[in-house]
Amino acid sequence: MLSVQNVTKYFGGLAAVKDVSFEVEKGSIVGLIGPNGSGKTTLFNLISGVYPLSSGKVFFDGEEISGMKSYDIADKGLVRTFQVVKPFDNISALDNVIVGAFQRYKNRNRAQEKALEVMDMLEISRFREIPPKHLPLAMKKRLEIARILSTEPKMILLDEVMGGLNPQETEQLVQTIHKIHESGMTILIIEHKMKCIMELSHHVVILNNGMLIADGKPEAVVQNPEVIKAYLGDDYNVSSY
Ligand SMILES: Nc1ncnc2c1ncn2[C@@H]1O[C@H](COP(=O)(O)OP(=O)(O)OP(=O)(O)O)[C@@H](O)[C@H]1O
Ligand SMILES: [Mg+2]
């Protein structure tokens, strides 16, 4: 579904992403992990067309998308959330989701129908009339996901959607992501909470200093000495959020 090929991004002299290649199979959940500043969000910005690539190529669903605009990539069915949530704060939660649905439906009633269907799935329908600035973080994160799902994507990129959530909210969101996956979605997810990554991912990709240092099954990757040294640490314990 997604093929990242030798992707590199320079910011001035700094290579934030260096020659990264990996694949995401249709219908799978792939975890993207690595220390702070290792280039994970930059990679999302490159895949989703927010930044131009310095070099390399990205293919989505059989078609080259590198060089395309974000809205054209979204139109093809690839959308992302932002690590720092970016709702439209002064309109209702429902209207925020309708903005996403307008990507597919120009008719307001049909767009609203889609938005409400997605808000039901994310269990946030009860907040429909409330502007996002009055919602707790866990609900803002869900709203962010609802907004991208309302575009009817084939694949979603989730950037630390569990960040800042307590263990109970985190566990509930893991269950919701399972539900989204079961509806047929392909998912690439950045997350620091390893328990979530282990519970969700079929495959894990690890970045360090902008470079891919490991790529494989979660159980294998957490035993990789380079991954332990760069990211997990010797006292790594998968059972804690
Ligand atoms: N727009 C930008 N201009 C200059 N440097 C940038 C820009 N965006 C990111 N960087 C730099 O690129 C590197 C990778 O940052 P990035 O945000 O991709 O890391 P990350 O893996 O998402 O980290 P975190 O886990 O903290 O979110 C960092 O050194 C960062 O300072
Ligand atoms: Mg980041």
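Listed values, structure above:
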| item | result |
| --- | --- |
| Wholly enclosed helices (runs of 4 or more DSSP H) of region 167-229 bearing at least 2 residues touching a Gly at 6+ places or on another chain (Cβ under 6 Å) | none |
| Test for LYS86: is it under 22 Å from the mean Cα position of the chain (by Cα), closer than 30 Å to LYS18 by Cα and either surrounded by 15 or more Cβ atoms within 10 Å (Cβ to Cβ) or of a type in the set (Val, Ile, Thr) (or both) | no |
| Every residue from region 77-100 that is in a helix (DSSP H, G or I) and either among the β-branched types (Val, Ile, Thr) or touching a Lys or Arg at 6+ places or on another chain (Cβ under 8 Å) (or both) | ALA93, LEU94, ASN96, VAL97, ILE98, VAL99, GLY100 |
| Any pair with Cβ under 6 angstrom, 6 or more apart, that starts in region 39-52 at a residue that is under 16 Å from ILE187 (Cα atoms) and ends at one that is near ligand 1 (Cβ under 9 Å from one of its atoms) and β-branched (Val, Ile, Thr) | LYS40/ILE190; LEU43/VAL17 |
| Single condition LYS18 does not satisfy, out of (1) surrounded by 15 or more Cβ atoms within 10 Å (Cβ to Cβ); (2) under 15 Å from THR186 (Cα atoms); (3) of a type in the set (D, E, K, R); (4) away from ligand 2 (no atom under 16 Å from the Cβ) | (2) |
| Candidate set from region 51-66 (those that are closer than 16 Å to THR8 by Cβ and part of a loop (DSSP other than H, G, I, E, B)); member that is farthest from ligand 1 (Cβ to nearest atom) | SER66 |
| Checking GLN103 against (1) more than 16 Å from ligand 2 (Cβ to nearest atom); (2) part of a loop (DSSP other than H, G, I, E, B); (3) closer than 30 Å to LEU212 by Cα, the condition it does not meet | (3) |
| Counted residues, region 23-43 - those being within 10 Å of ligand 2 (Cβ to nearest atom) and part of a loop (DSSP other than H, G, I, E, B) | 5 |
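Bear in mind these aren't lab numbers, they're just calculated from the coordinates by the rules spelled out. Not measured: the values here are computed from a predicted model. Note that each Cβ is placed from the backbone with ideal geometry, even for glycine, and that neighbours are counted across all protein chains shown.
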